[in-house]
Structures are given as C-alpha cells and as structure tokens.
Amino acid sequence: MTFGITPSQTVGPYFAYGLTPNGKYDWKDTFGNNLVTADAAGERIRIEGRIFDGDGAPITDSMLEIWQADAQGRYASPADPRPRNSTFQGFGRTGTDAEGRFSFETIKPGSVPGPDDTPQAPHILVGVFARGMLRQSYTRIYFDDEPGNAADPILALVPADRRGTLVAAKSVQNGHPVYTFDIRMQGDTETVFFEI
Amino acid sequence: MTFFFPTQSLSAFPPRLSPGYKSTPKRCPTKPLILMKHTLSELTGPVYGQDAVQPGDEDLTRQHAGEPLGERIIVHGRVLDEDGRPVPNALVEIWQANACGRYIHVVDQHPAPLDPNFTGAGRSKTDENGHYKFITVKPGAYPWGNHPNAWRPAHIHFSMFGHSFVSRLVTQMYFPGDPLFQYDPIFNSVTDENARNRMVSSFDLENTVPEWALAYRFDIVLRGRNQTPMES
C-alpha cells in the first residue's frame, strides 16, 4: 500500500518572517545565503541574479533554495555514502529584494556522478518558490567556464537553443569570481525548468 | 535505506497554472518542463545540525513577554513517506496569521490588530517516530484581493524537508469544516478531492488538554518510497 502525498500549496506573500527573516523580524533564520564554511575546500564564488515574471517585472516576494555538492562533488547527505572532509552542507536559502535580486556566497561544486557512470558537469539545483506558485519549480545552475558542459547528460536533454538559460556567466568583481544567473518564468528566454 | 521518488505521485499536486488564483498566470513556466531521471543531485538532500531547532521554537505562545490573544491550540502529527514509514529528524517550519487574521509581515495591511505577543513563526524536528508538535493560537481568516469578497480559510503554512531535495514540500494546513473552503481558489487548486482533504487537519479530542487547549492532528506524507517494496 502506498500513501498519497500531501499536496503542495503556495508559500504566499508573507513567508519572509518565518523562512527568511534576515534580521528584519524577531525570528532566527534556519538557513541563509552564505554556504561557505571555514574548512570548505574549493573556489569561493558568488552567485547573483534577478527573477522576473511573464511581464518582465521583478518577482520581489520569491524564495530561492539551492542544493549542491562540495568541491569534490560529494553531497552532505545520507544518500551519498562517500566520505567528506569538511562541514560544508551545500544548502542555502534566500528571499528576493525589491528589485527581484538574490545572491549566494558558496564554493564552486565539483563534478557529480551521473546516470550510467557519465559524470555531470558542476551544477547547483535551485528550487523556486513564490506567491502565485502553487508548487516549487526546479532549475539548475551550470557554469560558463566549465568544458564539461558539452558532455553533460542533463544539458543534453534540453533543446540546444534553450541550454543557455541554465548557464551562469562568470565575471570578476573586486577580484572575486561572480556568476550571474537570472531566472525568467516566461517569455522567449524562459528559464528551463525540470519535472523532477 | 535507499529511496526513489516516483514522479507519478506528483499528480496530487496542483497545476502550476490555476487561473482562479490570479497570481499564477504570469508566474508559471509556459514551456514544457524537461523530464529526466533522478541523479545523485536529486536523490540527496540536506540534513541540518542539532542547533537548527532551539528548545522553545515549537511553542509560538511563549516567544514574548506575555501570551498571545486567541484560542490556544496544539497542532501535531507525523511526517511519513509514501510507504507510510515515519520520517525521523525532519525539519518542520511553520508560519501563520494571528488570531485576528493579521500577519506580522510588513506588506500585510489588513485592518486587524497585530498582537505584540505573537510573531507567528515556529520550528520543530520530528522524533524517531516521525512525530512533531507545536503549540500556537488558531489563526483567523483574512481578506485578500484575488476576487470580490475573497477570504482565505484559516490556515497554517508548513515547510518540510524529507529524504531528498525533491521531497521538499511547502503546503498549508487547514481546519476541519471551514465554510470558506468552497470559495478558495488556492485550496481548490488541488483538483482531486482526496488529495485536497489531506490538507485538512482533524480535531483530536484524545490529545486535547482539559482546561487548556484543543488539539488538531495533521499528518503529512512526503515523496519517497523504499527501493525494496514492503511485504504484504
């Protein structure tokens, strides 16, 4: 016998004081947007971007969650039995601001095992929540300076003319690597989302 | 234990485009979603340190100098997977309006009073049997601008993590017999009646504490099945 799952409902417009208080409300954040731990090996990076609705207007009341492997491509999860050598947890959460902006401070993930022993290029999973979204949408962040993208088995599932929406563009700001990743819910350059 | 996450189970979820809820049409993807087999990235999910939940986080009536106004209630239940197995150590976060139907959020301008003794946020972890428990006050219904004379049924927002990133669930717990159900496009975005009713808590006399608080039970089923089917 299997049990039917509990349906999803929107986070609504008022989640911030519970899920992303960030000093604005009298409640402690469970998670934040800085994933870096002192003992985490790897390249420290910033991911930043904006999220837009079908009119091209910024979504100012959304929440983004990310999930990623460490620099060795290992997940801090019981479902990944490989030993790790740091306390890096790989999960982050943030709200968006009045311009729809978000950012994460993290380390660049390593290549992760993929289907049929094909390695996946470094990537980060993203869950998108907002008022007006009855369930989260999932996308992936890839990195434009990774040659492994060309052989990535998941990118290969995406029509070639849409793959670019999943690839963050690298720049260097104040000597610090920054990857820009905008999310567009609709339109000609609608971000690719996955049914997972 | 190794888990898998059938996407067929997602048929219980509301469609992303649900025009009765007027914020959905401009915020849902319009191009086909990409189907894929789950990789290690989807099959793993976060665990959280022992300090994620502090003692007292589960009691929303004890966060300020005085007690909040309203009807004190106990909300409890179990977090289960699709095999009916308890999910231990699952993080459960909640947020809600106060007894007057007012959220502390700065954007909420409903002309009902804020309660200086109520923030409306709570956090708990399930025990080894998948059980969680909160103490709070019953939230009020509140108006919203979706359509003429629109009121949300009283609800508590729930956010949960299960065995993987894809078992992540944000939902709302409703109260039994609410007369607003039939008018609410968010509740009715779940088109299957059985699935819809899984969002409605049940009154729990057995766990109601005499002279103190009514209890409501809300069991939550997250995505995830064992690779090895259970016998019988």
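The values are calculated or read from the model by the stated rules, or taken from the named source; none is laboratory data. Values in this document were obtained by computation on a predicted structure and should not be read as measured data. Glycine also receives a Cβ, built like all others from the backbone with ideal geometry; neighbour counts cover every protein chain displayed. SASA here: full protein model, heavy atoms, side chains in, ligands and nucleic acids out. Shrake-Rupley method; radii C 1.70, N 1.55, O 1.52, S 1.80 Å.
Kindly evaluate residue B:62 against the criterion of being more than 8 Å from chain A (Cβ to nearest Cβ) and buried (at least 18 other Cβ atoms within 10 Å of the Cβ). Write out each step before concluding.
Working: more than 8 Å from chain A (Cβ to nearest Cβ): yes; buried (at least 18 other Cβ atoms within 10 Å of the Cβ): no.
When the stated conditions are applied, residue B:62 does not pass them.
Could you give me the residue pairs with C-beta distances under 6 Å whose first residue belongs to the stretch A:134-151 and is within 14 Å of another protein chain (Cβ to nearest Cβ) and hydroxyl-bearing (Ser, Thr, Tyr), whose second residue is buried (at least 21 other Cβ atoms within 10 Å of the Cβ) and in a helix (DSSP H, G or I) wherever it lies, and which are 6+ apart or on separate chains?
From the stretch A:134-151, the pairs are A:142/A:166.
Select, from A:119, A:115, A:109, the only residue that is farther than 22 Å from residue B:27 by Cα, touching a Gly at 6+ places or on another chain (Cβ under 8 Å), surrounded by fewer than 21 Cβ atoms within 10 Å (Cβ to Cβ) and within 11 Å of chain B (Cβ to nearest Cβ). Explain how you work it out, then say what you get.
On the way: A:115 fails: touching a Gly at 6+ places or on another chain (Cβ under 8 Å); A:109 fails: surrounded by fewer than 21 Cβ atoms within 10 Å (Cβ to Cβ).
None of the other options fit; the residue is A:119.
Please list, ordered by residue number, the strands (runs of 3 or more DSSP E) wholly in the stretch B:61-149 having 1 or more residues that are closer than 22 Å to residue A:24 by Cβ.
Numbers: elements: B:72-80, B:91-96, B:121-125, B:131-137.
By residue number, B:91-96, B:121-125, B:131-137.
Have a look at A:100, A:56, A:95 and point out the one that is touching a helix residue (DSSP H, G or I) at 6+ places or on another chain (Cβ under 9 Å), surrounded by fewer than 23 Cβ atoms within 10 Å (Cβ to Cβ) and more than 23 Å from residue A:148 (Cα to Cα). First the steps, then the outcome.
Numbers: A:100 fails: touching a helix residue (DSSP H, G or I) at 6+ places or on another chain (Cβ under 9 Å); A:56 fails: touching a helix residue (DSSP H, G or I) at 6+ places or on another chain (Cβ under 9 Å).
The conditions single out A:95.
Of the residues B:185, B:179, which single one is at pLDDT 95 or above, within 25 Å of residue A:127 (Cα to Cα) and in a loop (DSSP other than H, G, I, E, B)? Give the derivation first.
Working: B:179 fails: within 25 Å of residue A:127 (Cα to Cα).
Answer to the selection: B:185.
From the list B:46, B:25, B:15, which residue is open to solvent by less than 70 Å² (accessible area, probe 1.4 Å), at pLDDT below 95 and either in a loop (DSSP other than H, G, I, E, B) or hydroxyl-bearing (Ser, Thr, Tyr) (or both)? Please lay out each step first, then the result.
Numbers: B:25 fails: at pLDDT below 95; B:15 fails: at pLDDT below 95.
Sole residue among the options that is open to solvent by less than 70 Å² (accessible area, probe 1.4 Å), at pLDDT below 95 and either in a loop (DSSP other than H, G, I, E, B) or hydroxyl-bearing (Ser, Thr, Tyr) (or both): B:46.
Return yes when residue A:78 is open to solvent by 20 Å² or more (accessible area, probe 1.4 Å) and within 20 Å of residue A:35 (Cβ to Cβ) and no when it is not.
Numbers: open to solvent by 20 Å² or more (accessible area, probe 1.4 Å): yes; within 20 Å of residue A:35 (Cβ to Cβ): yes.
Answer is yes for this residue.
Checking residue A:84 against (1) closer than 28 Å to residue B:10 by Cα; (2) part of a loop (DSSP other than H, G, I, E, B); (3) touching a residue at least 12 places away in the same chain (Cβ under 8 Å), which single condition isn't satisfied?
Going through (1) closer than 28 Å to residue B:10 by Cα; (2) part of a loop (DSSP other than H, G, I, E, B); (3) touching a residue at least 12 places away in the same chain (Cβ under 8 Å) one by one, residue A:84 breaks only (1).
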